[in-house]
Amino acid sequence: MNRLKVSYPAMLPVLLAIMLMTIPDGGSAQVQGDEDQNMFNQAQQRDHQAVEKAKRSWWTNAQKTQSDRLVWWREAKYGMFIHWGIYSDPAGEWKGKKVEGYAEHLMRKEQLSKSAYSNLAREFNPKLFNAEQWILAAKNAGMRYFIVTAKHHDGFALWNSKVSDFDVFDQTPFKRDPMEELAAAAKKHGIRFGFYYSHAFDWEHPDAPGNDWEYSNPGGDKLLGGTNWFDAKPEWLPKAAKYVDEKAIPQIKELIANYQPDILWFDTPHKLPLSENLRILKAIREADPNIVVNGRLARSASFNFGDYINTGDRPAEFRSVDGDWEAIPTTNESYGYSRHDISHKSARFFIQLLAKASAKGGNLLMNIGPKGDGSFDSRDTQILDSIGSWIHKNEESIYGTRKTRIPVQSWGVITEKPGKLYLHVFNWPRDGILELGGLKNKILKAYVLADPKKSALEVRQAGNADFTIKVPQKSPDESDAVIVVDISGEVVPDVERRISSKEGINRLLAFDANIHGTGFSFGDGKANRYFAEGWKSVNDYLTWDLKALQRSKYRLLVRYLPVTEAGMAYDININGSQFKMTPKGGTKDIPVLHELGVIDLPNSSFQLSLRRLHTEGSELFKLLEIQLMPLVK
């Protein structure tokens with residue numbers, strides 16, 4: 001899991017146009033999901049042959065049962081991810097100094113030999129490990145599936161492997177099989193269970209990609225042979241294939257035979273050619289065709305052979321993605337336990353993130369990094385307990401829901417089921433009046449989900465597809481208060497997003513824009529990385545279809561990542577009025593909030609568009625969001 005780096009080409013003059021007009025029929029919203037582009041395999045002839053063979057035979061046959069094997073996964077919605085291994089004992093520290101980056105990358109960061117790393121294994125004795133406690137921690141937090149690192153990039157197996165003695169049974173004083181214990185506990189408590197297996201990285205194995213400090217193998221930080229070493233140096237490939245044949249495939253088969261997992265989770269496929277990744281997937285399908293396989297085993301820039309798509313790591317925002325998808329946040333920043341990483345996010349953040357994912361049809365696999373002794377950090381436990389308290393009151397609004405067709409609301413997000421909407425209100429209205437826009441159905445009843453009496457709330461029609469709901473003056477839950485709306489029939493949406501003239505901010509995210517043109521790419525959704533970039537011509541632009549129910553004035557602000565030094569001007573056109581603005585410079589990766597002025601919006605439909613003015617030049621900026629902040633008297 002490597003951080004993406006942002007480059008900053010020169011800023012050029014641009015045109016921000018807010019055009020008040022009748023919305024045309026149809027839309028051009030792009031919903032193609034962007035995954036970590038560094039992980040894509042660039043298919044060569046070898047890979048083309050492997051792809052064609054797979055599509056003509058075993059892969060196509062396996063796809064016939066894809067929907068069946070995904071039934072439980074689609075219903076589960078929310079799972080626990082565990083990164084745990086012998087790297088958990090050093091806890092992000094080596095020889096008294098903090099190790100930067102992910103704690104689970106200790107071996108690579110400190111360039112430890114296998115011998116030195118084996119010394120850590122001899123000290124690994126997690127006496128506080130209790131499989132049942134781990135599984136119950138997940139279950140009590142509302143999680144319905146559980147994935148644990150059976151083998152991470154260090155190549156160390158956390159089970160009694162007969163394939164390699166570099167494992168917990170042979171190298172540590174623990175002399176237990178934690179994978180066996182976890183599988184049994186998960187089955188006992190009705191939790192779906194599976195493994196993370198690092199198939200492409202293996203730093204202990206002399207033939208595997210990744211270790212370039214002891215074995216001079218490709219796929220490491222030195223980029224020996226280049227990023228696509230298997231194309232530049234095809235004579236090196238038999239060595240990696242030997243590792244796949246002698247360790248990766250046999251250990252994966254061993255995990256399947258011994259523990260019957262429901263799901264297998266892979267990562268970093270770009271370290272091996274697609275042809276090798278397909279061989280591994282084929283072996284899995286032959287061993288058990290019912291196992292769910294994530295989207296980071298075998299994929300190219302144009303095709304994914306997994307059962308679902310994996311979007312960004314450590315997300316804060318989500319794009320709309322077609323099909324099944326999953327995101328993997330972690331409670332702090334490191335996935336493995338680090339005593340130095342105290343950047344834990346709040347339970348409120350994760351509760352809202354779960355609602356956001358569910359509203360866009362995705363799953364959330366939340367990571368915990370247990371300590372080396374087998375216990376959970378108290379901060380992680382507190383987060384899990386708080387999420388569990390919320391979800392047990394509001395689980396109806398998450399499980400069994402689907403991607404909503406109602407437009408984005410200024411106060412939060414919506415999940416839906418047939419005949420029901422669940423309004424996840426993050427920003428409770430101070431005046432006790434909640435505005436619901438973009439729904440053409442008749443509302444039969446509205447009530448607070450956590451209210452055991454389900455007392456009806458007063459609902460009034462405010463327009464053809466707009467309603468107001470009178471809610472309690474005080475929010476019943478500061479993290480996410482859920483209002484249930486019973487409706488007649490299937491949802492009939494009005495695609496125009498409503499702009500609220502009340503207190504608060506109308507955030508028009510780049511991720512929610514309609515995309516025009518072919519030049520755009522997108523950030524990975526992490527904090528301050530939910531941007532759009534790539535204005536390569538005047539034909540590349542973004543729009544948002546909006547509707548204001550009351551005439552009002554708004555402060556207009558643009559939040560973006562700068563791409564050059566300050567000093568260059570660009571033109572702003574707002575409803576026929578033109579302004580000349582000088583962009584603010586800034587520091588790399590630090591967002592700029594640029595106020596452009598005040599705009600008076602009528603109570604009508606209109607379109608907000610952002611486009612560049614000139615054809616020459618490079619990047620415009622990396623747009624995060626446009627904000628409309630009502631001027632409330």
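The values are calculated or read from the model by the stated rules, or taken from the named source; none is laboratory data. All values derive from a computational prediction rather than experimental measurement. With ideal geometry, Cβ positions are generated from the backbone for all residues, glycine too; neighbour counts draw on all protein chains shown. Accessible surface is based on the protein model in full, side chains and every heavy atom, while ligands, DNA and RNA are left aside. Shrake-Rupley method; radii C 1.70, N 1.55, O 1.52, S 1.80 Å.
In order along region 122-131, the Karplus-derived 3J(HN,Hα) couplings, from 6.51 cos²θ - 1.76 cosθ + 1.60 at θ = phi - 60°, round to 5, 9, 7, 8, x, 5, 8, 5, 9, 4 Hz, and Gly and Pro are given as x.
In debye, nearest 20, what is the charge dipole magnitude of region 412-494 about its Cα centre with +1 on Lys and Arg Cβ and -1 on Asp and Glu Cβ, if you could check?
On the way: 11 positive and 12 negative charges, 62 e Å.
The calculated dipole for region 412-494 is roughly 300 debye.
Rounded, prolate or oblate: which one fits region 234-321, using the alpha carbon gyration tensor with axes a ≥ b ≥ c (rounded when a/c is under 1.5, else prolate when a/b beats b/c, else oblate)? It comes out oblate by the Cα gyration axes. Computed from the Kirkwood radius of its Cα pairs, the Stokes-Einstein diffusion coefficient for the chain at 25 °C and 0.890 mPa s stands at 94 µm²/s. Using a 1.4 Å probe on the protein chains only, how many percent of the accessible area of region 381-438 belongs to carbon and sulfur? Within region 381-438, the accessible surface is 50 percent carbon and sulfur. Summarising the label geometry, the points placed 7 Å from Cα in the beta-carbon direction at residue 553 and residue 455 lie 4.0 nm from one another. The ellipsoid equivalent to the alpha-carbon distribution of region 72-397 has semi-axes of 29, 23, 19 angstrom, derived from the gyration tensor eigenvalues as √(5λ) and listed largest first.
With every protein chain present, what is the per residue accessible area of the chain (1.4 Å probe, Å²)?
On the way: 24790 Å² over 633 residues.
About 39 Å² of surface per residue is accessible.
Which percent of the accessible heavy-atom area of region 468-542 goes to carbon and sulfur, probe 1.4 angstrom? Intermediate results must be reported in sequence, preceding the final value.
Working: 1440 of 2750 Å².
Solvent-exposed carbon and sulfur of region 468-542 make up 52 percent of the total.
Taking max minus min of the alpha-carbon positions on each principal axis, region 113-214 gives extents of 44, 28, 23 Å, largest first.
Report the antiparallel proportion of the DSSP beta bridges in the chain as a percent, rounded to a multiple of 5. Could the numbers behind the result be given before it?
On the way: 78 of 113 bridges.
DSSP beta bridges in the chain are roughly 70 percent antiparallel.
Looking at region 144-233 alone, DSSP beta bridges between its own residues are antiparallel in about 10 percent of cases.
Of all accessible surface on region 127-262 at a 1.4 Å probe, what whole percent is carbon and sulfur? Provide the component values of the computation, followed by the final result.
Values: 2490 of 5000 Å².
After summing per-atom areas, the C and S share lands at 50 percent.
With an a/c value of 1.5 or above and a/b not larger than b/c for the gyration tensor axes a ≥ b ≥ c computed over the alpha-carbon atoms, region 38-134 is described as oblate.
When the helix-only estimate is applied to the chain (DSSP H runs of n ≥ 4, each -39,500 (n - 2.57), divided by the residue count), what is the mean residue ellipticity at 222 nm, nearest 500 deg cm²/dmol?
Numbers: 15 runs with 131 residues, N = 633.
The per-residue figure over the chain is -6000 deg cm²/dmol.
Work out the FRET efficiency for residue 170 and residue 427 from their Cβ-Cβ distance, taking R0 = 56 Å, and round it to the nearest 0.05.
Details: r = 55 Å, r/R0 = 0.98.
So the FRET efficiency works out to roughly 0.55.
Counting only lysines at least 8 places from residue 502 when in the same chain, those with an alpha carbon closer than 16 Å to its own are 470, 547, 553, 633.
Here the simple spin-label model places points 7 Å from the Cα toward Cβ, and for residue 123 and residue 595 these points are separated by 5.5 nm. What the Cα atoms of region 412-494 give is an Rg and a Dmax of 11.8, 32 Å.
Could you tell me what a quarter of the Cα convex hull surface of region 464-528 works out to, in nm² with one decimal place?
Numbers: hull surface 31.6 nm².
The directionally averaged projection comes out at 7.9 nm².
With all protein chains in place and ligands, DNA and RNA left out, the 1.4 Å accessible area ranks 179, 629 as 629, 179, largest first. Measuring max minus min along each principal axis, the C-alpha atoms of region 227-279 give extents of 39, 19, 12 Å (largest first).
Counted residue by residue at 0.36 nm each, then reduced by the alpha carbon distance between them, the extension gain from residue 445 to residue 64 reaches 133.1 nm.
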